[in-house]
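Here is the structure we will look at, set down as structure tokens.
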Amino acid sequence: MVVDVHRGFVNGNSEHAVPQVVRLVEMWSSAGRPVVFARFRNAPGSPYERISGWTRLRTAEEQALVESLEPFMDSAALLVDKTVSSALTEDLVRVVDERGWTDLVLCGIDTDSCVYDTAVAAYHDGLTPWIVTDAYASTGGAEVHEAALLLARRNIGAHQLLTVDQVADVLADRVPAPEGTCA
């Protein structure tokens, strides 16, 4: 699951994660695994605007996926449009249930909100979240990214954090999947 890797979330703090996200999606797709994309839309009057004063991610240009991911859109299992940070929407839950998925492998932007919130929501919904640590970043910078990783290790388990290379090894059957299933 690629969470919010669109133009409005790519900045100097997060751009380094984009090539790793693309690499992960390429490997995942080549292995015949389904890819889900999530896209955040900040609606006027949202809590982000009312409470935080944040009004970005309103334009089609900001909401567009980064160009390097566009080729994968046609074969995506689902595109989740959301107005909250978690991508675990009713549409996603329906697809997860229909396909019998038990695990979600997550990458994207922002470590500290959308990716983290999706991982925690999946965990609370009985799914097994896997966070690909080098295929996600925070627009808020390294300190915020590391704080989110600390919380993820604490709240969903350190063993749920993987790297792109570890996922590649699992997909290539070079190593067994981590405890649980990386599906």
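The values are calculated or read from the model by the stated rules, or taken from the named source; none is laboratory data. A quick note: this is a predicted structure, and the numbers were derived from the prediction, not measured. So basically every Cβ, Gly included, is an ideal-geometry build from the backbone, and we count neighbours across all protein chains shown. Each accessible area value is taken on the protein alone, full model and side chains, heavy atoms only, with ligands, DNA and RNA left out. Shrake-Rupley method; radii C 1.70, N 1.55, O 1.52, S 1.80 Å.
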Margin query: Tell me the per residue accessible area of the chain using a 1.4 Å probe; a whole number in Å² is fine.
Written below: 48 Å²
Next item on the list: Give a residue-ordered list of calculated ³J(HN,Hα) values for the stretch 57-69 (Karplus: 6.51 cos²θ - 1.76 cosθ + 1.60, θ = phi - 60°; whole Hz; x for Gly, Pro).
Entry: 6, 10, 8, 4, 5, 5, 7, 5, 4, 4, 4, 5, 9
Margin query: 5 Å is the cut-off here: which amide hydrogens, built 1.01 Å from N in the peptide plane, fall below it relative to Tyr136, excluding neighbours closer than 5 in sequence?
Written below: Gly108
Next item on the list: Compute the long axis of helix 90-99 from its Cα atoms, compare it with the longest principal axis of the Cα atoms of the chain, and write down the angle in degrees, 0 to 90, nearest 10.
Entry: 10 degrees
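In the chain, what percent of the accessible surface is made up of carbon and sulfur (1.4 Å probe, ligands and nucleic acids excluded)? Intermediate results must be reported in sequence, preceding the final value.
Values: 4350 of 8750 Å².
Here it works out to 50 percent.
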Check: Rounded if a/c is under 1.5, else prolate if a/b beats b/c, else oblate: with a ≥ b ≥ c from the C-alpha gyration tensor eigenvalues square-rooted, which is the stretch 4-127?
Finding: oblate
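Given only helices, namely DSSP H runs of n ≥ 4 each adding -39500 (n - 2.57), what is the per-residue ellipticity at 222 nm of the chain, to the nearest 500 deg cm²/dmol? It would help to have the intermediate numbers written out before the result.
Numbers: 7 runs with 60 residues, N = 183.
Estimated from H runs of four or more residues: -9000 deg cm²/dmol.
Which number comes out as Rg/Rh for the stretch 58-142 once both Rg and the Kirkwood Rh are worked out on C-alpha atoms? Write down the numbers at each step before the final one.
Details: Rg = 13.2 Å, Rh = 13.9 Å.
Taking Rg over the Kirkwood Rh, I get 0.95.
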Check: Using θ = phi - 60° and the Karplus curve 6.51 cos²θ - 1.76 cosθ + 1.60, what whole-Hz ³J(HN,Hα) does each residue of the stretch 6-11 get, with Gly and Pro shown as x?
Finding: 10, 4, x, 9, 9, 9
Checklist line | Lys/Arg +1, Asp/Glu -1 at C-beta; the chain dipole; positive extreme among Ala122, Thr55, Met27 | finding: Thr55
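Give the percent of DSSP beta bridges with both residues in the stretch 1-103 that are antiparallel, rounded to the nearest 5.
Here the share of antiparallel DSSP bridges comes out near 10 percent.
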